[in-house]
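Heads up: the structure comes next, in C-alpha coordinates.
The values are calculated or read from the model by the stated rules, or taken from the named source; none is laboratory data. Note that the structure is a prediction, hence the values are computed from the model and not measured. Virtual Cβ from ideal backbone geometry, glycine too; neighbours counted across all protein chains shown. SASA here: full protein model, heavy atoms, side chains in, ligands and nucleic acids out. Shrake-Rupley method; radii C 1.70, N 1.55, O 1.52, S 1.80 Å.
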Amino acid sequence: MIYKLLSRLGIEVWKDIPEYEGLYQVSNLGNVRSFKFNKIRYIKYLNSKGRYAVGLIKNKIKTSNIRVSALVAKAFLNHKRCGHKLIVDHIDNNKINDKLYNLQIITQRENLTKDKKNKSGYTGVYKTTDGYAYYSQIRIGKNKKYLGRFKSKIEASQAYQQ
(Lines give C-alpha, C1' and ligand atoms only; values in the text may rest on other atoms or scores of the structure.)
Protein backbone atom coordinates (compact mmCIF):
# COMPACT_ATOMS: atom_id res chain seq x y z
CA MET A 1 0.00 0.00 0.00
CA ILE A 2 1.39 3.39 -1.02
CA TYR A 3 0.33 5.12 2.20
CA LYS A 4 2.35 2.64 4.29
CA LEU A 5 5.46 3.35 2.22
CA LEU A 6 4.91 7.10 2.54
CA SER A 7 4.56 6.80 6.32
CA ARG A 8 7.82 4.86 6.46
CA LEU A 9 9.47 7.69 4.51
CA GLY A 10 7.95 10.30 6.84
CA ILE A 11 5.73 11.85 4.16
CA GLU A 12 2.44 12.89 5.75
CA VAL A 13 -0.85 12.20 3.95
CA TRP A 14 -4.15 13.39 5.45
CA LYS A 15 -7.58 11.75 5.12
CA ASP A 16 -10.96 12.65 6.54
CA ILE A 17 -12.01 10.52 9.47
CA PRO A 18 -15.04 8.47 8.38
CA GLU A 19 -18.24 9.84 9.97
CA TYR A 20 -16.41 13.11 10.78
CA GLU A 21 -15.76 14.36 7.23
CA GLY A 22 -14.95 18.07 7.09
CA LEU A 23 -14.48 18.23 10.86
CA TYR A 24 -11.41 16.11 11.58
CA GLN A 25 -8.60 14.46 9.63
CA VAL A 26 -6.03 11.81 10.53
CA SER A 27 -2.64 11.30 8.92
CA ASN A 28 -0.65 8.21 8.04
CA LEU A 29 1.89 9.42 10.64
CA GLY A 30 -0.67 9.19 13.46
CA ASN A 31 -1.55 12.87 13.82
CA VAL A 32 -5.09 14.20 14.16
CA ARG A 33 -6.25 17.68 13.27
CA SER A 34 -9.47 19.59 13.78
CA PHE A 35 -11.00 22.23 11.51
CA LYS A 36 -13.15 23.72 14.25
CA PHE A 37 -13.57 27.51 14.24
CA ASN A 38 -11.93 27.75 10.79
CA LYS A 39 -8.54 27.03 12.37
CA ILE A 40 -6.41 23.94 12.02
CA ARG A 41 -5.53 22.53 15.45
CA TYR A 42 -3.55 19.40 16.13
CA ILE A 43 -5.16 17.34 18.85
CA LYS A 44 -4.24 14.19 20.73
CA TYR A 45 -3.37 13.25 24.27
CA LEU A 46 -2.05 10.27 26.20
CA ASN A 47 -4.92 8.44 27.85
CA SER A 48 -4.77 6.58 31.16
CA LYS A 49 -3.52 3.43 29.39
CA GLY A 50 -0.57 5.25 27.81
CA ARG A 51 -2.00 5.36 24.27
CA TYR A 52 -2.65 8.40 22.13
CA ALA A 53 -6.33 9.25 21.98
CA VAL A 54 -8.65 12.08 20.93
CA GLY A 55 -12.08 13.39 21.82
CA LEU A 56 -14.17 14.16 18.74
CA ILE A 57 -17.33 16.28 18.65
CA LYS A 58 -20.12 15.97 16.10
CA ASN A 59 -23.56 17.55 16.45
CA LYS A 60 -22.64 18.72 19.97
CA ILE A 61 -22.06 15.11 21.07
CA LYS A 62 -18.56 14.32 22.29
CA THR A 63 -17.03 10.89 21.87
CA SER A 64 -14.12 10.65 24.24
CA ASN A 65 -10.98 8.58 24.29
CA ILE A 66 -10.96 7.22 20.74
CA ARG A 67 -7.54 5.69 20.12
CA VAL A 68 -5.54 7.34 17.33
CA SER A 69 -4.44 3.90 16.08
CA ALA A 70 -8.12 3.00 15.55
CA LEU A 71 -8.69 6.22 13.58
CA VAL A 72 -5.63 5.59 11.37
CA ALA A 73 -6.84 2.02 10.70
CA LYS A 74 -10.35 3.25 9.99
CA ALA A 75 -9.21 5.90 7.49
CA PHE A 76 -6.36 4.07 5.75
CA LEU A 77 -7.05 0.34 6.23
CA ASN A 78 -10.88 0.55 6.01
CA HIS A 79 -11.13 -1.20 9.38
CA LYS A 80 -14.58 -1.41 10.91
CA ARG A 81 -14.97 -2.30 14.58
CA CYS A 82 -16.39 -5.77 15.08
CA GLY A 83 -16.04 -6.40 18.78
CA HIS A 84 -12.86 -8.34 19.46
CA LYS A 85 -12.83 -10.45 16.28
CA LEU A 86 -10.43 -8.20 14.36
CA ILE A 87 -8.31 -5.65 16.17
CA VAL A 88 -5.67 -3.03 15.39
CA ASP A 89 -2.22 -4.28 16.39
CA HIS A 90 1.05 -2.37 16.78
CA ILE A 91 3.63 -4.51 14.98
CA ASP A 92 6.57 -3.27 17.08
CA ASN A 93 4.49 -3.44 20.31
CA ASN A 94 5.11 0.29 20.92
CA LYS A 95 1.61 1.47 21.82
CA ILE A 96 2.33 5.13 20.99
CA ASN A 97 3.75 4.44 17.51
CA ASP A 98 0.54 5.03 15.55
CA LYS A 99 2.22 5.37 12.15
CA LEU A 100 0.45 3.43 9.41
CA TYR A 101 3.42 1.18 8.61
CA ASN A 102 3.35 -0.04 12.22
CA LEU A 103 -0.35 -1.01 12.26
CA GLN A 104 -1.98 -4.22 11.10
CA ILE A 105 -5.43 -5.78 11.43
CA ILE A 106 -5.29 -9.22 13.05
CA THR A 107 -7.53 -11.46 15.12
CA GLN A 108 -7.56 -11.22 18.91
CA ARG A 109 -6.13 -14.75 19.12
CA GLU A 110 -3.21 -13.88 16.81
CA ASN A 111 -2.50 -10.81 18.92
CA LEU A 112 -2.41 -12.82 22.13
CA THR A 113 0.01 -15.41 20.76
CA LYS A 114 2.19 -13.42 18.32
CA ASP A 115 4.87 -12.42 20.80
CA LYS A 116 4.75 -15.30 23.22
CA LYS A 117 7.81 -17.48 23.05
CA ASN A 118 8.11 -20.73 24.93
CA LYS A 119 10.94 -23.22 25.01
CA SER A 120 9.39 -25.45 22.35
CA GLY A 121 9.08 -22.60 19.85
CA TYR A 122 5.42 -23.47 19.16
CA THR A 123 2.31 -21.87 20.60
CA GLY A 124 0.47 -24.16 23.01
CA VAL A 125 3.24 -26.80 23.04
CA TYR A 126 5.22 -27.62 26.18
CA LYS A 127 7.86 -30.14 27.21
CA THR A 128 6.76 -32.73 29.75
CA THR A 129 8.37 -32.69 33.18
CA ASP A 130 10.38 -35.83 32.39
CA GLY A 131 11.72 -34.03 29.28
CA TYR A 132 11.17 -36.94 26.87
CA ALA A 133 7.89 -35.88 25.27
CA TYR A 134 5.71 -32.88 24.52
CA TYR A 135 2.14 -32.05 25.40
CA SER A 136 -0.29 -29.57 23.91
CA GLN A 137 -2.98 -27.52 25.57
CA ILE A 138 -5.25 -24.68 24.56
CA ARG A 139 -6.93 -21.98 26.63
CA ILE A 140 -10.60 -21.34 25.89
CA GLY A 141 -11.84 -18.48 28.00
CA LYS A 142 -10.50 -19.13 31.50
CA ASN A 143 -10.29 -22.90 31.02
CA LYS A 144 -7.29 -24.90 29.80
CA LYS A 145 -7.99 -27.96 27.70
CA TYR A 146 -5.36 -30.71 27.57
CA LEU A 147 -4.94 -31.97 23.99
CA GLY A 148 -2.60 -34.89 24.58
CA ARG A 149 0.98 -36.11 24.86
CA PHE A 150 3.12 -36.43 21.73
CA LYS A 151 6.55 -37.73 20.75
CA SER A 152 7.52 -34.58 18.85
CA LYS A 153 6.77 -30.91 19.20
CA ILE A 154 5.56 -30.83 15.58
CA GLU A 155 2.86 -33.42 16.34
CA ALA A 156 1.83 -31.44 19.43
CA SER A 157 1.69 -28.25 17.38
CA GLN A 158 -0.50 -29.92 14.75
CA ALA A 159 -2.92 -30.99 17.49
CA TYR A 160 -3.04 -27.43 18.75
CA GLN A 161 -3.68 -26.04 15.26
CA GLN A 162 -6.58 -28.46 14.69
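Here the simple spin-label model places points 7 Å from the Cα toward Cβ, and for residue 9 and residue 60 these points are separated by 4.6 nm. Normalised per residue, the accessible area of region 1-66 is 67 Å², obtained with a 1.4 Å probe and no contribution from ligands, DNA or RNA. Go ahead and estimate [θ] at 222 nm for the chain from helices alone: -39,500 (n - 2.57) per DSSP H run with n ≥ 4, summed, over the residue count, rounded to 500. It comes out at -5500 deg cm²/dmol, rounded to the nearest 500. Cα centroid separation, region 21-85 to region 89-162: 32 Å.
For residue 39 and residue 126 in the same chain, what is the full-extension length gain: residue separation times 0.36 nm, less their Cα-Cα distance, in nm?
Numbers: separation 87, 0.36 × 87 = 31.32 nm, distance 5.80 nm.
Net length gain for the segment: 25.5 nm.
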